[in-house]
Amino acid sequence: MPTRSPSPSTRPRRCSWGTSHDDYLEYHDTEWGFPVDDDQRLFEKLCLEGFQSGLSWLTILRKRESFRRAFADFDFARIARWNERSVLRLLKDAGIVRHRGKIEAALSNARCAVALREEAGSLGAFFWSFEPAAVKRANGRNDGEHVAISESPESRALTKALKQRGFRFVGPTTAYAFMQAMGIVNDHTKSCDTHALVEGARDRFKRPRLPSDWKG
């Protein structure tokens, strides 16, 4: 007996990009927008957003496991000790994006991340300090609106702060995509079923805080 397709009323409602390819479904439903405070995961995403520059996220998503193997699961304290020989090794790895500038930036950014963790206590505390004020988060995105929004005042401020600390490949658009993915903003459209799930996760999420003597 043929399997009946679910009726339109029972199908999950998703952001339009989340249904544009099968590879996006799980990422959209279980990762994108859910709040993250783990330093290693935050560094991974920042690096992958840099590697995405000029490419599609689908390309990076399909290579993500290869990136994790190549970059020691994005253990930035370990990567910070890598050198030119490491760059040459990575340039031979067909499983990742073999762009010298982006690879060198990932190694340099790892050293910056080590220094930032010492400065701010954790990467999570630093990144979450750029979360938009509650009044700006209240309504969520209308259908299609997040497609047109590629940066924000907060992502520009984050870019400025990162560049002041030596980070590379961290422009405002990259920073905004990072904030979307890590749940610092919830950009699931209001009609998307995952929007409410993300909001619930964000309500329960205990935000990491900067030290009381933080100078900024």
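Does SER86 count as out of contact with any helix residue (DSSP H, G or I) (no Cβ under 6 Å at 6 or more places or on another chain) and either acidic (Asp, Glu) or at pLDDT below 95 (or both)? No, not satisfied. Specify the residue that is surrounded by the fewest Cβ atoms within 10 Å (Cβ to Cβ); the eligible residues are those in the range 165-185 that are assigned to a loop (DSSP other than H, G, I, E, B) and in contact with a Ser or Thr (Cβ under 9 Å, 6 or more places away or on another chain). So, considering only residues that are assigned to a loop (DSSP other than H, G, I, E, B) and in contact with a Ser or Thr (Cβ under 9 Å, 6 or more places away or on another chain), the one surrounded by the fewest Cβ atoms within 10 Å (Cβ to Cβ) is GLY166. Somewhere in the range 73-92, is a residue under 17 Å from the mean Cα position of the chain (by Cα), of a type in the set (A, V, I, L, M, F, W, C) and crowded, with 17+ Cβ neighbours inside 10 Å? Yes: one or more hits. Looking at the structure I just gave you, is ILE96 surrounded by 16 or more Cβ atoms within 10 Å (Cβ to Cβ) and within 18 Å of PHE167 (Cβ to Cβ)? So ILE96 does not fit the description; no. All conditions but one from (1) surrounded by fewer than 17 Cβ atoms within 10 Å (Cβ to Cβ); (2) within 30 Å of PRO12 (Cα to Cα); (3) in contact (Cβ under 8 Å) with a residue 24 or more places away in the chain apply to ALA115; the one that does not is (2).
Each residue in the range 58-81 was checked for being without any contact (Cβ under 8 Å) to a residue 24 or more places away in the chain and among the hydrophobic types (A, V, I, L, M, F, W, C), and 1 pass.
Select from the range 189-205 the residues that are touching a strand residue (DSSP E or B) at 6+ places or on another chain (Cβ under 7 Å) and surrounded by 15 or more Cβ atoms within 10 Å (Cβ to Cβ) and list them in ascending order.
Of everything in the range 189-205, those that are touching a strand residue (DSSP E or B) at 6+ places or on another chain (Cβ under 7 Å) and surrounded by 15 or more Cβ atoms within 10 Å (Cβ to Cβ) turn out to be THR189, HIS195.
The values are calculated or read from the model by the stated rules, or taken from the named source; none is laboratory data. As the structure is a prediction and not an experimental result, all values here were calculated from the model. In this analysis, Cβ positions are derived from the backbone assuming ideal geometry, glycine residues included, and neighbour counts consider all displayed protein chains.
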